[in-house]
C-alpha cells in the first residue's frame, strides 16, 4: 500500500463554510463548518475518489499560494 501526499486547497466562502478541493483528483472536494470537521472529511473524500478514479494521478510539487488583485 502506497502513501500519497496530496495538496489540498482550502477556502472559506461568504457564509463562513470551509471548502476543500484536491487539484490532483478532478471533482474531489468537500466542505464543513469548521477546520476540525473538514480535515477528516478531506481524507475520506480522497480515499473515495481513489477507489473510483481511473486516470493517472499527477502529484505536482506544491510551491505556494498567492492572492492577486485585479481591477475589472
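The values are calculated or read from the model by the stated rules, or taken from the named source; none is laboratory data. As the structure is a computational prediction, the values presented were derived from the model and not from experiment. Heads up, the Cβs are rebuilt from the backbone with ideal geometry, glycines too, and the neighbour counts pull from every protein chain shown.
Quick notes on this one:
- Total residues in the stretch 5-26, condition in a loop (DSSP other than H, G, I, E, B) and in contact with a helix residue (DSSP H, G or I) (Cβ under 8 Å, 6 or more places away or on another chain): 4
- Which numbered condition residue 24 fails, given (1) surrounded by 12 or more Cβ atoms within 10 Å (Cβ to Cβ); (2) at pLDDT below 95; (3) more than 13 Å from the chain's Cα centre (by Cα): (3)
- Reported count of residues in the stretch 47-72, each being modelled with pLDDT of 95 or more and in contact with a strand residue (DSSP E or B) (Cβ under 9 Å, 6 or more places away or on another chain), is 0.
- Cβ-Cβ contacts under 8 Å between residues 6 or more apart (or on different chains), taken from a first residue in the stretch 10-39 that is at positive phi and free of Cβ contacts under 8 Å to residues at least 60 places away in the same chain to a second residue that is assigned to a loop (DSSP other than H, G, I, E, B) and surrounded by 11 or more Cβ atoms within 10 Å (Cβ to Cβ), are listed as 16/33.
- Count of the stretch 27-72 residues, restricted to those that are in a loop (DSSP other than H, G, I, E, B), surrounded by 13 or more Cβ atoms within 10 Å (Cβ to Cβ) and under 13 Å from the mean Cα position of the chain (by Cα), is 1.
- When residue 46 is tested against (1) touching a helix residue (DSSP H, G or I) at 6+ places or on another chain (Cβ under 8 Å); (2) touching a residue at least 40 places away in the same chain (Cβ under 8 Å), exactly one condition is not met: (1).
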